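Have a look at the structure below, then the notes.
What follows draws every value from the coordinates through simple rules; no lab data is involved. All values derive from a computational prediction rather than experimental measurement. Cβ: placed from backbone, ideal geometry, glycine included. Neighbour counts: every protein chain shown.
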Amino acid sequence: MLANRVRKNARRLRGPFEKKNIGAYRLYDWDIPELRMVVDWYEGHLVCAEYARTQTDAIPGWLESMASACAAALEVESEKIHLRKRRTRPVEGERYQRLATAGERLEVREGPLRVLVNLDDYLDTGLFNDHRETRARVRSEAAGASLLNLFCYTGTFTCAAAAGGAKESVSVDVSGRYLDWAKDNLALNGHAGPTHEFVRRDARAYLAEAAGASRRFTLCVLDPPSFSTREGEEDFDIQREHPALIAQALAVLAPGGVLWFSTNHQRFEPRLDGLPAQSVREVTDETLPPDYRRRAHRSFRIVR
Ligand SMILES: C[S@@+](CC[C@H](N)C(=O)[O-])C[C@H]1O[C@@H](n2cnc3c(N)ncnc32)[C@H](O)[C@@H]1O
C-alpha cells in the first residue's frame with residue numbers, strides 16, 4: 001500500500017518540482033491513517049520518519065521495512081535511506097539534540113537557492129520544506145530590504161531575502177552551530193560578507209536591545225519553534241508568547257515594513273487583535289505547499 005502510494009505521489013510531483021528546479025519535497029504525508037509516517041525526497045535520498053507510538057514500537061524493524069518498500073518503489077539504493085522516529089509531541093529538549101555525528105552535508109536545490117542539509121545527525125534536516133512558498137514570497141518582497149530573521153536556524157529565509165536583493169540582514173538564533181550552518185548556506189549562495197550579520201542571542205533579548213538602540217528593519221521573518229526549553233533560559237511557548245513577541249518585532253520595523261509570522265503549532269489559536277499594525281492577514285492558503293497533505297503551518301503577513 002505504502003509503496004504504491006509513494007510511487008503515485010512521486011509520479012505526480014516530480015515533473016512540476018523539477019520544472020521549478022526543486023530537489024526536496026514530501027512524497028508521503030501520513031496519507032494512509034494506519035501508516036503514521038512521512039517520507040521526504042532530498043535529491044535522490046529518502047528520509048523516512050515514523051511518528052512513534054507504542055503499537056509500532058512493539059514491532060521491531062517496522063520503520064526499516066516501510067522504508068525498504070519506499071526505496072524499492074523508487075529505485076533508491078539502501079545507502080540513501082535515512083530513518084527517523086518523531087513524536088507528535090516532542091519530549092522536552094530532544095528536538096535539537098544530535099542523533100549521530102556522521103556530519104555529511106548534501107546540497108539541495110530550491111529554485112534559485114541552494115541549501116545544505118544533513119540527513120543523519122538531527123531530527124530535522126536543516127531545511128523545512130513546508131516553508132518553500134513562504135521563502136519564495138519573502139524573496140519576491142526583499143529588493144532593497146533590511147531583513148531581520150529571528151529564530152533563523154540554518155538561515156534559509158536569509159538566503160531567500162539575499163537572493164531577492166535584500167541590501168542587509170541580521171539573523172538571530174541561540175545556537176552557534178545553526179548560525180555557522182546559516183553562514184555556510186549564505187556563502188554557498190554567494191552572499192557572504194559584512195552586510196549579512198549573525199547574532200547568537202535569545203530572540204526576545206535581541207529585540208529589546210534593537211529597540212533600545214533604535215535599530216529599524218523593513219522586513220522581518222518570525223518563524224519560531226512551538227516550544228523550546230533550554231537550560232538556564234526561560235521556557236518558550238509560542239501560544240503564550242506570540243502577541244508580545246509580534247508586538248516586539250513590530251517595534252523594530254519601519255512604518256510600512258512587513259512582518260512574516262508563522263508557526264507549526266498544530267493547535268495554534270491566534271491572538272492578533274490590537275497590534276500596532278496597518279494590516280494583519282492570514283496567508284496560510286498561499287504558503288502551504290502542494291506536496292503536504294496536512295496543514296503543516298499557519299502564516300500571517302503583518303504590515304506595520
Ligand atoms: C523551528 S526552528 C526555526 C525555523 C527557522 N525559522 C527556519 O526558517 O527554518 C527553531 C530554531 O529556533 C532556535 N531557537 C530556539 N529558541 C530560541 C530563542 N529563545 N531565541 C532564538 N532562537 C531560538 C533554535 O536554535 C532553532 O535554530
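Between Ala3 and Arg36, the distance separating the two model label sites (each 7 Å from Cα on the Cα→Cβ line) works out to 2.5 nm. Between the beta carbons of Ala251 and Ala187, assuming R0 = 30 Å, the FRET efficiency works out to 0.45 to the nearest 0.05. Determine the gain in length on full extension of the stretch Thr284-Arg14; use 0.36 nm per residue of separation and subtract their C-alpha separation, reporting nm with one decimal. Separation in residues times 0.36 nm, less the Cα-Cα distance, equals 94.8 nm.
Compute the whole-percent fraction of alpha carbon pairs in region 173-240 spaced more than 14 Å apart. Counting pairs separated by more than 14 Å, the tail of P(r) holds 70 percent. Ordering His242, His131 by the number of other Cβ atoms within 10 Å of each residue's own Cβ, fewest first, gives His242, His131. Each residue, Arg200 and Trp62, gets one label point 7 Å from its Cα in the Cβ direction; the gap between the two is 4.0 nm.
Helix 203-212 against the longest principal axis of the chain: what's the angle in degrees, Cα atoms only, rounded to the nearest 10? Helix 203-212 sits at roughly 20 degrees to that axis. Relative to the longest principal axis of the Cα atoms of the chain, helix 176-188 runs at roughly 90 degrees.
A Förster radius of 22 Å combined with the Cβ-Cβ distance from Glu269 to Arg294 puts the calculated FRET efficiency at roughly 0.80.
Across all C-alpha atoms in the chain, the radius of gyration and Dmax reach 19.3, 58 Å.
When the inverse distances between all different Cα atoms of region 128-303 are averaged and flipped, the Kirkwood radius reads 16.2 angstrom.
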